[in-house]
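For reference, the structure discussed in these notes is given below.
Every read-out reported here was derived from the displayed coordinates using simple, explicitly stated rules and does not represent laboratory data. The model shown is predicted, which means the values in this text are computed figures rather than measured ones. Methodologically, a virtual Cβ is constructed for each residue, glycine included, from the backbone with ideal geometry; neighbour enumeration extends over all protein chains shown.
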């Protein structure tokens, strides 16, 4: 497969060559290298700043380039339920909102407390007395709980409310903010 791609690239790059012209291994490798890295950076233009997301439960990292965001599959895997290790289709508006919050507060780091929560795990948390909604937006892949170290939880909460993305919860004792893409509503918890 790789050889076919390289051969196609060489033929496209040099249409004047005859079909029986020999192409050296070095030329094939050079052609493959020139196409595998994409366009070189534009001189004088600063590259976009990455925002690094850390999942507190799975200990996974996800580097997000605002100009080339990760795939939905990468996001789903990063925000998977840590108890069952299952994924779901997360709402694609969540990560851009979190990255925007990081940019707003001049941070390149976001700590994710919770993403997808499997309904069985959600029920278990409810039975143990945790403050989780019976039909939590986390169980539908529509919510994320997070912290940004460069700002207070209250400031992050105020910013999230102003975005009017959906529900926003303030958890001062646990020091995180909940955002979801459900109906607009606000609450406070522990």
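Whether a residue is free of Cβ contacts under 8 Å to residues at least 24 places away in the same chain, touching a helix residue (DSSP H, G or I) at 6+ places or on another chain (Cβ under 6 Å) and farther than 15 Å from residue 178 by Cα was assessed, and residue 122 passes this test. Taking the range 139-189 only, how many residues are closer than 21 Å to residue 103 by Cβ, part of a loop (DSSP other than H, G, I, E, B) and touching a strand residue (DSSP E or B) at 6+ places or on another chain (Cβ under 9 Å)? So the answer is 7.
Per-residue answers, yes or no, for (1) outside any strand (DSSP E or B); (2) over 11 Å from the mean Cα position of the chain (by Cα); (3) more than 15 Å from residue 143 (Cβ to Cβ):
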{"residue": "54", "(1), (2), (3)": "no, no, yes"}
{"residue": "64", "(1), (2), (3)": "no, no, yes"}
{"residue": "77", "(1), (2), (3)": "yes, no, yes"}
{"residue": "90", "(1), (2), (3)": "yes, no, no"}
{"residue": "121", "(1), (2), (3)": "yes, yes, no"}
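So if I check each of 80, 134, which one is farther than 21 Å from residue 184 by Cα and either without any contact (Cβ under 8 Å) to a residue 60 or more places away in the chain or surrounded by 14 or more Cβ atoms within 10 Å (Cβ to Cβ) (or both)? Result: 80 is the single residue among 80, 134 that is farther than 21 Å from residue 184 by Cα and either without any contact (Cβ under 8 Å) to a residue 60 or more places away in the chain or surrounded by 14 or more Cβ atoms within 10 Å (Cβ to Cβ) (or both).
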